[in-house]
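Just so it is clear, none of the values below were taken in a lab; they were calculated from the coordinates. Predicted model only: the values in this text are computed from it and were never measured. Methodologically, a virtual Cβ is constructed for each residue, glycine included, from the backbone with ideal geometry; neighbour enumeration extends over all protein chains shown.
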Amino acid sequence: MSDTPTVLEQKPASSQWYLIGITKGLVITFSHLIKNIFNKKQMMTINYPEEKYDYSSRFKGNHILTVKKDGAIRCTACMLCATNCPAECIKITASEHPNPEVEKYPISYEIDMLRCVFCGYCEEACPVDAIRLGPEWQTPGLNGADFTYDIKHLAYRANLKGGVQSVVDDKERLKAGI
Amino acid sequence: MPKCTINGVELEVKDGTTIIQAMYDNHQKIAHYCWHPGLSIAGVCRLCMVEIEGNPRLQIACNTVVTEGMKINNTSLKVQEAVKWGLDFHLINHPLDCPICDQAGECGLQDQYMDFGQYTSEMAEPKQKKRKVVDLGPTIVLDSERCILCSRCVRFTDEVSKTNELGIFNRGDHAEIGTHDGKKLDNNYSLNTVDICPVGALTSKDFRFKQRAWYLKDSETICNGCSTGCNVKVYFNKEGLFRVKPTYNPEVNGYWMCDEGRNVYKFANKEYRQSQTLQLSQGVWKQLENPGKAAKDLADVLSKVNSSELALVMTGQQTNEEYQSILNVFVNNFKNKNVYHWNSHAATADQFDGLLIRGDKNPNTKGLQNALSSFGIATKWSDLENGIKQNTIKTLIVVGPENVGVYNDLQEKFEQFSNVKNLIVLTTSNVVKFEGFKNLSLATIIPMKTFVEKTGSFTNYAGKVQKFKRATTIMSTALTLDEFASLISGQDLQINPVPIQDLFVADNTPVDQVRLDHRKKNEFLFTKG
């Protein structure tokens, strides 16, 4: 029996003794306590919410809908994000734009944040860099708050300061003849 | 009957068959744009290249007739290269705005590119810009940039609708389709040009930007817009029905259908449907629990009614099977032959525009007439009117039309019916305003199912019986006339309403086919490979 290879840790008989185990544990606890008292910088935890952790710029947080140079919404309502969304949380209603060069745009774009799993597939699917997952993640709401974000919030919320500009520009694209 | 070999398969075809037709009939894959089985041969796209043994150059399959002993092949490297770079020429000025193009997902260019193209463009020059969002007429929007000048739509207006509105203007890379000055593309068959357009150049105003093609599921049925009985496909998803397209039936409609028929999906959608079972008694409208219970209660009422005081009014919009069952109950259970045929289109019934549209806007007038005569019923409409006036008809069951748009006399006819003591209305639509009728004293309104929710058959103007299957379920609690007939005859019926999550799911979907909800969840990508 003992010869059979196993992935389980083979514990020695001594580990069954109470006092030995607890002393080992306490040694670890107190060594960290003393380390943290004398060297605060290497401490693993932070004092949330006074201190906040800086995530990398690649962090996938709340969505941002980008805008064009003139401030209009970049999204062309192609529905590729909604098609790709595994949580089915994106709802778009498309409409005809008065400008024939724009042609199609969303009159409503809603993301149900409570369903969203922040996988980033919408960002990957988007052909015109219209949707990005931004760095924000602390967006709590009171009981009964609306977590279905619309265009007004996704593209023009206050902390975006007038909107994030998309890298895909129609005018430049048309000029280049692509 | 020449014999030929196509890609190693020996075939015997009729005299005068073109190679592409022979390949099409035998389900062989061949790239093509301009060729359409219902139109003349243009030979402008140069994509259907085939190699014929003994012939030094490649030939186009659409304009080459099969001759005895011909050995044809379209899988050789030479053909593949020709098709590939032919496709590159088509795409030189194509804007590739697939994300906003309505045709994306069912586009000829996308399909051909994946099947035969798969190259990287060799063009360095900028693309030629053309007009976008051109209003061609009341039904159609043109995007010139997307057009590949296959001339299918031009040939359609020349040959099928014979209205000649469209043409190709200018030359070289400035060439584009359009209408002559001041003329609109406005005919009864204009939307067929959208169907045959292999790219997204012609789009339907009605369907434009409503849904992406891959969100829609289709199901075959029979158009109930007129007595021609065109074979159609309805496209729907969980938000409703969105469009109707023709399917090929050489005996009825060929490849086409009319623009009027494309509106038949609208009355089947939820917003125009009667959803509640209502009862009026002592001046108060009351909502009943479910239509089945209401019909069952009617069985007691109807069994007590004197046979001569009971009458039934029917329109030519229900299926043959439903006529049989309701007439069976009336004639055999109630011993009653007071069945009247409400036909608003009797005067115009013989009108015909030479292609598809007929004056009789009921899909099954013939079926109702056959059913009535098989039960030996011959009644006149004036008898009903007199009966209502003289108060000899006291209980009236009206099976209302489904396609209410074609019944102009709907409101006034129902006002006339409201003079009877007890009015029972079986209706699919919520268009008639019963609240306005002053003489109405006792009434029951029972929601019914439309043709897309029923299995049955229509008999068209020529007496051709066409079966169709239930496409989907929209109003799960509504009854069919079959069920109503069984219930009023006193039978018990187990009706299982369709659960909400199964509404708008195609009923004739094979079990192993990917369903819409799976499609949305991206899983279809994996099953397709």
With B:Ala462 itself left out, Lys, Arg at +1 and Asp, Glu at -1 over residues whose Cβ is under 11 Å from its Cβ give +2
Taking a ≥ b ≥ c as the square roots of the eigenvalues of the Cα gyration tensor, with a/c under 1.5 meaning rounded and otherwise prolate when a/b exceeds b/c and oblate if not, the stretch B:128-270 is prolate
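Looking at the stretch B:347-420, which trypsin sites (Lys or Arg not before Pro) are in a loop (DSSP not H, G, I, E or B) and have at most 14 other Cβ atoms within 10 Å?
Values: sites: B:Arg358, B:Lys361, B:Lys366, B:Lys380, B:Lys389, B:Lys394, B:Lys413; in loops: B:Lys361, B:Lys380, B:Lys394.
In loop regions of the stretch B:347-420 (DSSP not H, G, I, E or B), the sparsely surrounded trypsin sites (Lys or Arg not before Pro) are B:Lys380.
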Give me the distance between the Cα centres of the stretch B:464-479 and the stretch B:175-198, rounded to whole Å. 33
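Average the reciprocal distances over every distinct pair of alpha-carbons in chain B, invert the result, and give the Kirkwood radius in Å. Before the final figure, lay out the partial values.
Numbers: mean 1/r = 0.0383 Å⁻¹.
About 26.1 Å for chain B.
Taking each pair of distinct Cα atoms in the stretch B:151-191 once, what is the resulting Kirkwood hydrodynamic radius in Å? Walk me through the numbers on the way to the answer.
Details: mean 1/r = 0.0947 Å⁻¹.
Kirkwood hydrodynamic radius for the stretch B:151-191: 10.6 Å.
Where both partners of a DSSP beta bridge lie in chain B, what percent of those bridges are antiparallel, to the nearest 5?
65
For B:Gln103, what is the net charge nearby, where nearby means another residue's Cβ is under 12 Å from its Cβ and Lys, Arg count +1, Asp, Glu -1?
Local charge sum for B:Gln103: -3.
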If I model a spin label as a point 7 Å beyond the Cα along the Cα-Cβ vector, how far apart are those points for A:Glu124 and A:Lys41 in nm? 3.9
Equivalent-ellipsoid semi-axes (√(5λ), Cα gyration tensor) for chain A, whole Å, largest first? 51, 22, 16
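Pulled fully out, how much extra length does the chain show between B:Ser308 and B:Lys438, if you take 0.36 nm times their separation in residues and subtract their Cα-Cα distance?
On the way: separation 130, 0.36 × 130 = 46.80 nm, distance 2.52 nm.
Extra length available between B:Ser308 and B:Lys438 comes to 44.3 nm.
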In the P(r) worked out for the stretch B:348-473, what percent of Cα pairs fall beyond 24 Å? 40
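Calculate the mean, over all residues of peptide A:92-101, of how many other protein chain Cβ atoms lie within 10 angstrom of the residue's Cβ. Spell out each step's value before the answer.
Working: counts 1, 2, 7, 3, 5, 3, 1, 2, 6, 3.
The per-residue average across the peptide is 3.
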Compute the long axis of helix A:18-38 from its Cα atoms, compare it with the longest principal axis of the Cα atoms of chain A, and write down the angle in degrees, 0 to 90, nearest 10. 50
Name the residue farthest towards the positive end of the dipole of the protein assembly as shown from the options A:Ser14, B:Val134, B:Tyr24, assuming +1 on Cβ of Lys and Arg, -1 on Cβ of Asp and Glu, about the Cα centre. A:Ser14
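If you count, for every residue in B:212-222, the Cβ atoms of partner chains within 10 Å of its Cβ, what is the mean?
Working: counts 8, 0, 2, 3, 0, 0, 0, 0, 0, 0, 0.
Whole-number average of other-chain Cβ neighbours for B:212-222 is 1.
Give me a single rounded figure for A:79-90: the average over its residues of other chain Cβ atoms within 10 Å of their Cβ. The partial results should precede the final answer.
Working: counts 8, 4, 0, 3, 8, 4, 3, 4, 1, 3, 0, 0.
Taking all residues of A:79-90 together, the mean is 3.
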Cα-Cα P(r), the stretch B:73-160, percent of pairs per 5 Å interval: 3, 11, 18, 22, 20, 13, 8, 3, 1, 0
Where GluC sites (Glu not before Pro) in DSSP loops with at most 11 other Cβ within 10 Å are excluded, longest remaining stretch of chain B: B:290-529
Fraction of antiparallel bridges per DSSP, the protein assembly as shown only, in percent to nearest 5: 70
Rounded to the nearest 5, what % of the DSSP beta bridges within the stretch B:3-90 are antiparallel ones? 75
Rank A:Pro127, A:Pro86, A:Pro98 by mean-square fluctuation in a GNM of chain A with C-alpha springs under 10 angstrom and give only the top-ranked residue. A:Pro98
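Say R0 is 41 Å: what FRET efficiency, to the nearest 0.05, do A:Tyr53 and B:Thr477 get from their beta-carbon distance? Before the final figure, lay out the partial values.
Details: r = 54 Å, r/R0 = 1.33.
Calculated transfer efficiency: 0.15.
Greater than 29 Å separation of Cα atoms is the criterion. Which listed pairs, B:Lys286/B:Lys380; B:Lys183/B:Lys464; B:Lys184/B:Lys245, meet it? Each step should come with its number before you reach the end.
Values: B:Lys286/B:Lys380 34 Å; B:Lys183/B:Lys464 38 Å; B:Lys184/B:Lys245 22 Å.
Violating the 29 Å Cα-Cα cut-off are B:Lys286/B:Lys380; B:Lys183/B:Lys464.
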Determine the distance separating the Cα centre of the stretch B:62-100 from the Cα centre of the stretch A:99-178; give it in Å without decimals. 40
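Once you have the Kirkwood Rh of the stretch B:274-492 from its Cα pairs, apply Stokes-Einstein at 4 °C and 1.567 mPa s and quote D in µm²/s. Let's see the in-between values first.
Values: Rh = 17.6 Å.
Roughly 74 µm²/s, to the nearest whole number.
Kindly provide the GluC sites (Glu not before Pro) of the stretch A:83-178 that DSSP labels as loop, not H, G, I, E or B, and whose Cβ sees at most 15 other Cβ atoms within 10 Å.
Details: sites: A:Glu88, A:Glu96, A:Glu101, A:Glu103, A:Glu110, A:Glu123, A:Glu124, A:Glu136, A:Glu172; in loops: A:Glu88, A:Glu101, A:Glu103, A:Glu136.
Answer by residue number: A:Glu88, A:Glu101, A:Glu136.
In percent, how large is the relative contact order of chain A, given Cα pairs closer than 8 Å and 6 or more residues apart?
Values: 209 pairs, mean separation 41.7, N = 178.
Reported relative contact order: 23 percent.
How much space per residue, in cubic angstrom, does the convex hull of the C-alpha atoms of the protein assembly as shown take up? Write out the running numbers ahead of the final one.
Values: hull volume 218.9 nm³, N = 707.
Expressed per residue, the convex hull around the Cα atoms of the protein assembly as shown is 310 Å³.
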Ratio of Rg to Rh over the stretch B:3-90 (Cα coordinates, Kirkwood Rh, two decimals): 0.93
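Based on the Kirkwood radius over alpha-carbon pairs, what is the Stokes-Einstein translational diffusion coefficient of the stretch B:82-128 at 20 °C with 1.002 mPa s viscosity, in µm²/s?
On the way: Rh = 11.3 Å.
Answer from the Stokes-Einstein relation: 189 µm²/s.
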Within the protein assembly as shown, helix-based [θ] at 222 nm, where runs of 4 or more DSSP H residues each add -39,500 (n - 2.57), nearest 500: -6000 deg cm²/dmol
Measuring from the longest principal axis of the C-alpha atoms of chain B, the long axis of helix B:291-304 (C-alpha) lies at a number of degrees, nearest 10, equal to 40
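Magnitude of the Cβ-charge dipole of the protein assembly as shown, K/R +1 and D/E -1, about the Cα centre, nearest 20 debye? All intermediate terms of the calculation are to be shown ahead of the outcome.
Working: 81 positive and 81 negative charges, 244 e Å.
So the dipole magnitude of the protein assembly as shown works out to roughly 1180 debye.
Are there chymotrypsin sites (Phe, Trp or Tyr not before Pro) in the stretch A:135-170 that DSSP marks as loop and that have at most 16 other Cβ atoms within 10 Å, and which are they?
On the way: sites: A:Trp137, A:Phe147, A:Tyr149, A:Tyr156; in loops: A:Trp137, A:Phe147.
Listed in order of number, the matching sites are A:Trp137, A:Phe147.
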Please identify, among A:Thr148, A:Thr66, A:Thr23, the residue showing maximal mean-square fluctuation in a Gaussian network model of chain A using a 10 angstrom Cα cutoff. A:Thr23
Provide the FRET efficiency to the nearest 0.05 for the B:Asp115-A:Asn159 pair, computing r from the beta carbons and using R0 = 45 Å. 0.40
Specify the inter-centroid distance of the stretch B:31-53 and the stretch A:31-58, based on alpha-carbon positions, in whole Å. 72
Dipole of chain B, Cα-centred, from +1 at each Lys and Arg C-beta and -1 at each Asp and Glu C-beta, to the nearest 20 debye? 840
